[in-house]
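The values are calculated or read from the model by the stated rules, or taken from the named source; none is laboratory data. Values in this document were obtained by computation on a predicted structure and should not be read as measured data. Heads up, the Cβs are rebuilt from the backbone with ideal geometry, glycines too, and the neighbour counts pull from every protein chain shown. The protein model used for the area step is the full one, side chains on, heavy atoms only, and it has no ligands, DNA or RNA in it. Shrake-Rupley method; radii C 1.70, N 1.55, O 1.52, S 1.80 Å.
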Amino acid sequence: MPKYLFQRWHGYHMVWAFIVMMVMIVALAWHNWVLGVAGLVLIVILVILAWHAEKNFRKDMNEYIATLTYRVKRTGNDVINELPFGVVLYDEEKHVEWHNPYMLQMLGRETLIGVSLKELVPGLQMQKEKDKERIVQSEVAIGDRIFLTVPKQEERLIYFQDVTDYVTLRRSYEAEKLVIGIVMLDNLDELTQGLDDQQRAALLSRVTNHITEWAHDHQIYMKRLTSDRYLILLDHEMLKEIEMTRFVILDEVRELTVDNKLPLTLSIGIAAGIDNIIELGQLAQSSLDIALGRGGDQVAVREGQRLSFYGGKSNAVEKRTRVRVRVIAHALRDFMQASDKVIIMGHRMPDMDSVGAAIGLLKAAQALNVEAYIVLEGVNPSIDRMISYIKQNDALWEQFITPEQAVQKMTANTLAIVVDTHKASMVKEPRLLQLTNRVVVIDHHRRGEEFLQDAVLIYMEPYASSTCELVTELLQYIHDRIIFQPLEATVLLAGITVDTKNFSMRTGSRTFEAAGFLRRNGADTIMIQNMLKENLKEYIAKAEVMRLTQMLYGHIAVAVTEPERKFSQLSIAQVADTLLTMNDVLASFVISERPDGHIGISARSLGQMNVQVVMERLGGGGHLTNAAAQLDGTLSEAEAKLKRVLAEIDAEEGLFE
């Protein structure tokens, strides 16, 4: 026992007590020496007894402590040997130096001394730090049991704790989590036009029976909400099984109605991974909106922060009614009239569709006597000739402002209109969206995971050929009499012409109606041809790119430009379009370094392959037949990423429909 503990009870205060007693006896002896002698004898006897008592106390205390230390050591050894978890000491080479008996029982081996940890526990996770490997905490499977490894790096010690019951319970909880989904027949009205009640009922019955059988086979509870919408409830484990099938129900329903004038397609929105049921239902509806915004015939699965897409193998069906166009036009008119000014902007590296749509909305604002401007900074080769024509019109060119000027003009009551994109990261000046809560989105691209959620008005129609087509239709309802200048009608028609590849791709009846309206209002096709003329040197350079084309999977053309040669996004898009005209080419990808230093990828297909899915996995987006992506790095790295994504899709579901 430490000395301070002895001194606490048997220390100097006892000595001082005897000294005081001696002083008192001396005083007593001064008055009566007989009593003084008797007191002195008594004190001597007390000192002798106290000294013997102290000596015996120390002896007994030391014997007790020695016995207790032995018992603690013995108990500690017994505890280590009987611990219900493993303990391993290892050397710098990560070989076992010592272990407790539980490790032998756990691994079913006679000895572990000298065995490598990697050989002993293959699932042990290592993390590289400089030149050393560091063991990290993880769960490893040993036999039919699961152990949690808890490393102590300084002591070179690992604890193995059996967490099988906990992991089993956790997995069971995760597997049984509720999943909510909404199934929609997304083109039922278009499909059943012209059918009588009996034919419509027979078609619905056939499709409903097939969906019901699919739900029953996968243990899904399904409840019809309306004639074209169903609510489904399932657990997380079943969702994983269905995801493994890539939602084959989409193809089955499409093939079931392939004999009709239009095949019926499904859109499904699913939400999982959240405990709050109300929020789960809202996310399911949001997922369905995303699936529909991407053109339908696909499934959008949101699990926490992960958003996955399945299907999307068919083009969006063109709508037959103009009711929504009229409603959107009237709403946009009200927003414009209630604003002090309108700021219109497109995406970075604008193209003819973006500029043409902006000019169309500028015309609408001017017809409503609302101050409006278009944000533009810098000119790229794709719009160089168009801008040269616009600069000749002083009144129109004055409405183009820089992003800095737009920021200065913005107020809380300014209406910001974003055209030809729905991603905040793609707009020319994202700050403008933060300076007002009045944002309108008009776009024709399939909806991606990133989206301007706070917009007061969203008009996204992936069936449309271009944003210019959407704006042209809006102009016919936003004001009774809009008188176009020839240049204004021409740039709108130019945007449609470019995005449809001279009306050869992604065109519907509404596309030609919009083009006819613009032509009647003075659009000049000769001017459009001049805008689209190519430079001879650029054409030869693009031919050199085509010379480097390689064929993958029999029908995919991939061209990678030479290092240090830079091409605009428009140029590589034109090369991709040209490659599609070659025999046996169903899809084309062109990779090039752009003038801004980024790596651009342009993807095109004839419809048998969904290039949008490929570009989304590379961080881009687009349409089923027309997509692009922008990457950082080198050409070789971009090519390797593209080939890896193609291989993944080919292994998962095949590249071609």
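Please go through the stretch 233-290 and give me each residue that is part of a loop (DSSP other than H, G, I, E, B), of a type in the set (A, V, I, L, M) and farther than 16 Å from L185 by Cα, ordered by number.
Within the stretch 233-290, the first condition is being part of a loop (DSSP other than H, G, I, E, B), and the residues that meet it are 245-248, 257-265, 273-276.
Those left that are additionally of a type in the set (A, V, I, L, M): 248, 258, 262, 264, 274.
Within the stretch 233-290, just I274 meets the criteria.
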Number of positions in the stretch 514-523 that are touching a helix residue (DSSP H, G or I) at 6+ places or on another chain (Cβ under 8 Å) and open to solvent by 10 Å² or more (accessible area, probe 1.4 Å): 5
Leading residue by the ranking (nearest to T578 (Cα to Cα)) among those in the stretch 602-632 that are assigned to a loop (DSSP other than H, G, I, E, B) and in contact with a helix residue (DSSP H, G or I) (Cβ under 8 Å, 6 or more places away or on another chain): L606
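Of everything in the stretch 203-220, what is outside any helix (DSSP H, G or I) and open to solvent by less than 30 Å² (accessible area, probe 1.4 Å)? Give them in sequence order. Steps first, please.
So the first thing to find is which residues in the stretch 203-220 are outside any helix (DSSP H, G or I), and the list is 218-220.
Within the stretch 203-220, just I220 meets the criteria.
Restricting to the stretch 499-509, name every residue that is touching a residue at least 24 places away in the same chain (Cβ under 8 Å) and open to solvent by 10 Å² or more (accessible area, probe 1.4 Å). Give the derivation first.
Our first condition is that a residue be touching a residue at least 24 places away in the same chain (Cβ under 8 Å); within the stretch 499-509, this holds for 499-501, 505-509.
Within the stretch 499-509, D499, K501, M505, R506, T507, G508, S509 meet the criteria.
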Counted residues, the stretch 421-451 - those being open to solvent by 20 Å² or more (accessible area, probe 1.4 Å) and either at positive phi or hydrophobic (A, V, I, L, M, F, W, C) (or both): 5
Top-ranked residue of the stretch 226-266 - restricted to ones that are open to solvent by 70 Å² or more (accessible area, probe 1.4 Å) and over 30 Å from the mean Cα position of the chain (by Cα), ranked as modelled with the highest pLDDT: E255
Check on V575, under 14 Å from L631 (Cα atoms), open to solvent by less than 10 Å² (accessible area, probe 1.4 Å), modelled with pLDDT of 90 or more and among the β-branched types (V, I, T): no
Options T525, T500: the member that is modelled with pLDDT of 90 or more and either touching a Gly at 6+ places or on another chain (Cβ under 8 Å) or closer than 20 Å to G356 by Cα (or both): T525
Criterion: crowded, with 24+ Cβ neighbours inside 10 Å, out of contact with any Gly (no Cβ under 6 Å at 6 or more places or on another chain) and small (G, A, S) - qualifying residue of A365, A338: A365
Odd one out for T402 among (1) without any contact (Cβ under 8 Å) to a residue 12 or more places away in the chain; (2) over 23 Å from H479 (Cβ atoms); (3) not hydrophobic (A, V, I, L, M, F, W, C): (1)
Lone qualifier among I526, I496 - being surrounded by 13 or more Cβ atoms within 10 Å (Cβ to Cβ) and either on the phi < 0 side of the Ramachandran plot or in contact (Cβ under 8 Å) with a residue 24 or more places away in the chain (or both): I496
Criterion violated by M505 - all others in (1) at pLDDT 90 or above; (2) part of a loop (DSSP other than H, G, I, E, B) satisfied: (1)
Residue match in the stretch 171-184 (condition: of a type in the set (S, T, N, Q) and open to solvent by less than 40 Å² (accessible area, probe 1.4 Å)): no
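Regarding Y477, is this residue aromatic (F, W, Y) and in a helix (DSSP H, G or I)?
Working: aromatic (F, W, Y): yes; in a helix (DSSP H, G or I): yes.
Taking the combined requirement at face value, the residue satisfies it.
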First in the stretch 292-311 and assigned to a strand (DSSP E or B) and of a type in the set (D, E, K, R), second anywhere and open to solvent by less than 20 Å² (accessible area, probe 1.4 Å) and modelled with pLDDT of 85 or more, Cβ under 6 Å, 6 or more apart: R302/A271; R302/S287; E303/A272
Tabulated pairs, the stretch 540-558, first at positive phi, second open to solvent by 30 Å² or more (accessible area, probe 1.4 Å), C-beta under 6 angstrom, 6+ apart or interchain: none
